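*Asks:* Structure below; questions to follow.
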Amino acid sequence: MSVLFHADRVALQYRGRSAPTLLDLTLMIRQGETLRLDGPSGAGKTSLLRLIAGLERPTSGRLHHLPQRIGMCFAEARLIPQLSVTGNLQLVAPRAGAMMEDMLQALGLGDVQGSPAQSLSKGQAQRVALIRALLVRPDILLLDEGFGGLDPRTWQLARDLIRKHHNQTGFAVVEISHDPARLVVPDGPCLRLGP
Amino acid sequence: MQHAIPPMMRPMIRMAAFGAGLAGLVALWAFAAQQNLPAILPGPLAVARALLDLVQDAAFWRDALLPSLGRAAAGLGLAKALGAPLGLVGWHLPLVSACLAPARLILMGVPAPVLAILCILWFDGGPITIVLCVCALLLPVFQIAVAEGLSAIDPQLAEMARVFRLPLRRCLRWIIWPALWTALGPALRVAMANALRVSLLTELLSGTPGLGAEVQAAQSWLQTDRLFALVLVILALIGLIEAALSAIAGRRRP
């Protein structure tokens with residue numbers, strides 16, 4: 001299995017902070033693997049996701065590999081408010097016609113696909129953000145507490161969609177969830193960060 | 001009171017109120033004109049006749065109106081072409097912004113007539129002087145507008161674009177341009193009207209053929225009705241520019 005991410009004794013310290021957020025972290029993620037990040041608030045879970053996504057650079061240590069195609073569900077949906085649901089999806093995947101339709105139907109968004117993103121509820125926006133992350137056919141899927149607004153039934157639909165595509169395409173999954181009942185791969189390996 | 005009026009009627013009522021205000025102003029003007037000599041205050045009819053003559057005069061369009069508009073547009077274009085990259089660099093590198101601040105403060109602080117006189121003294125006083133004067137006054141407006149617009153880019157959307165590797169064109173269209181337009185739109189609206197005002201002022205002071213020089217000639221020959229007609233032309237031009245920009249801004253609003 002090819003290596004998607006490899007950090008070697010990496011540290012990350014934000015400007016103005018007295019202590020590093022990540023210290024001496026060595027981590028390798030291969031294709032198809034799953035990883036759950038655990039730890040108290042402020043332990044660096046989101047920072048590690050941002051490092052994997054290429055949004056942060058380590059202050060020391062080396063990154064040997066970074067994933068090429070990343071699908072990320074941020075804690076916020078981060079949709080373009082004036083664009084429709086399909087517009088937001090086509091922005092990242094212009095040729096995802098049938099696949100996009102299937103995913104929208106699977107997550108119960110068929111009726112709102114022409115609606116502007118700013119008119120969606122939080123839960124609808126989070127589902128659109130998940131579809132966007134899957135449509136890019138990612139090497140790695142990063143989930144940062146992205147499903148807080150989903151009711152149990154919709155959460156199960158979202159989880160099933162992720163599992164189906166994970167099994168089909170073999171992307172890696174790295175997830176953060178404070179609710180153990182809402183993990184996509186609950187029995188997968190866990191990396192505990194912080195004290 | 002406003003709540004009692006159906007929403008569909010409100011624009012019509014506003015138009016009617018505007019018309020009533022205008023009619024009152026013209027009536028007041030006609031009354032004041034009757035109490036004064038035509039050389040001091042011509043009546044609305046005399047000004048309307050002068051306006052008709054002016055509009056029908058091909059030489060006025062060819063030698064005054066179009067050259068003035070061309071200089072204003074050239075000065076505006078130059079200011080935008082220089083100010084926008086400076087705003088971009090200043091936004092990206094705060095040190096460059098700090099370095100440019102003294103020049104920007106001088107250009108923004110010096111009154112337009114003083115800058116026009118200095119430009120006339122330093123350059124030849126011809127059309128190029130007018131273009132440079134407009135450019136010097138409007139360059140800081142564009143520099144600040146671009147820097148402010150870029151600062152308004154939603155950092156969360158910018159990160160999303162990085163993660164999903166959005167092509168630059170789509171980023172520009174959906175993330176950068178809407179933020180930029182929030183500052184650039186109002187700046188453009190102010191700058192376009194000011195470009196015309198400053199080019200007229202510089203023409204008036206330098207005597208370069210154009211709308212400004214026409215105003216000066218009308219004043220020198222006590223052709224007050226023509227002077228008023230020229231003022232109406234200038235007001236109409238500024239009104240048209242502002243209406244066009246309002247329409248564009250309205251279409252771009254999400």
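*Asks:* Is it the case that some residue within segment A:79-100 is in contact with a Lys or Arg (Cβ under 9 Å, 6 or more places away or on another chain), touching a residue at least 12 places away in the same chain (Cβ under 8 Å) and closer than 23 Å to A:I176 by Cα?
*Replies:* Taking every residue of segment A:79-100 in turn, at least one turns out to be in contact with a Lys or Arg (Cβ under 9 Å, 6 or more places away or on another chain), touching a residue at least 12 places away in the same chain (Cβ under 8 Å) and closer than 23 Å to A:I176 by Cα.
*Asks:* Now a separate question. Would you check which residues across segment B:64-80 are in contact with a helix residue (DSSP H, G or I) (Cβ under 9 Å, 6 or more places away or on another chain) and either more than 25 Å from B:L100 (Cα to Cα) or surrounded by fewer than 20 Cβ atoms within 10 Å (Cβ to Cβ) (or both) and list them?
*Replies:* Within segment B:64-80, B:A64, B:L65, B:P67, B:S68, B:L69, B:G70, B:R71, B:A73, B:A74, B:G77, B:L78 meet the criteria.
*Asks:* Across segment A:136-154, what is the total count of residues that are part of a loop (DSSP other than H, G, I, E, B), within 13 Å of chain B (Cβ to nearest Cβ) and acidic (D, E)? Outline the logic, then answer.
*Replies:* Within segment A:136-154, the first condition is being part of a loop (DSSP other than H, G, I, E, B), and the residues that meet it are A:136-139, A:145-151.
Going one step further and asking which of them are within 13 Å of chain B (Cβ to nearest Cβ), we end up with A:136-139, A:146.
If we keep only those that are acidic (D, E) too, we end up with A:139.
So the count comes out to 1.
*Asks:* All but one of (1) at pLDDT below 95; (2) within 9 Å of chain B (Cβ to nearest Cβ) hold for A:A96; which doesn't?
*Replies:* (2)
Quick grid of which residues meet (1) under 20 Å from B:L107 (Cβ atoms); (2) touching a residue at least 60 places away in the same chain (Cβ under 8 Å); (3) surrounded by fewer than 19 Cβ atoms within 10 Å (Cβ to Cβ):
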residue	(1), (2), (3)
B:A179	no, no, yes
B:A195	yes, yes, no
B:L205	yes, yes, no
B:G210	no, yes, no
B:A218	no, no, no
B:R226	no, yes, no
B:L232	no, yes, yes
B:L240	no, no, yes
B:A247	no, no, yes
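*Asks:* Among the residues of segment B:153-175 satisfying the criterion of being part of a loop (DSSP other than H, G, I, E, B) and within 10 Å of chain A (Cβ to nearest Cβ), which is surrounded by the fewest Cβ atoms within 10 Å (Cβ to Cβ)?
*Replies:* It comes out as B:P167.
*Asks:* Then there's this: Of all residues in segment A:103-120, which are surrounded by fewer than 16 Cβ atoms within 10 Å (Cβ to Cβ) and either more than 14 Å from chain B (Cβ to nearest Cβ) or touching a strand residue (DSSP E or B) at 6+ places or on another chain (Cβ under 7 Å) (or both)?
*Replies:* A:Q105, A:G108, A:G110, A:D111, A:G114, A:S115
*Asks:* Going through segment B:26-47 one residue at a time, which ones are of a type in the set (A, V, I, L, M, F, W, C) and in contact (Cβ under 8 Å) with a residue 60 or more places away in the chain?
*Replies:* Kept after step one, since they are of a type in the set (A, V, I, L, M, F, W, C), are these residues of segment B:26-47: B:26-33, B:37, B:39-41, B:45-47.
Passing the criteria: B:A39, B:I40, B:L41, B:A46, B:V47.
*Asks:* Right, here's the next one. Of all residues in segment A:24-57, how many are within 14 Å of chain B (Cβ to nearest Cβ), of a type in the set (S, T, Y) and closer than 22 Å to A:I131 by Cβ?
*Replies:* Total meeting the criteria: 1.
*Asks:* Let me ask you something else. Which count do you get for residues in segment A:58-78 that are over 11 Å from the mean Cα position of the chain (by Cα), facing another protein chain (nearest Cβ under 10 Å) and within 16 Å of A:G44 (Cα to Cα)?
*Replies:* Here the count works out to 0.
*Asks:* For segment A:160-195, which residues satisfy the criterion of being assigned to a helix (DSSP H, G or I) and surrounded by 18 or more Cβ atoms within 10 Å (Cβ to Cβ)?
*Replies:* Correct list: A:L161, A:I162, A:H165, A:H166, A:R182.
The values are calculated or read from the model by the stated rules, or taken from the named source; none is laboratory data. Values in this document were obtained by computation on a predicted structure and should not be read as measured data. Backbone-built Cβ (ideal geometry, glycine too); neighbour counts: all protein chains shown.
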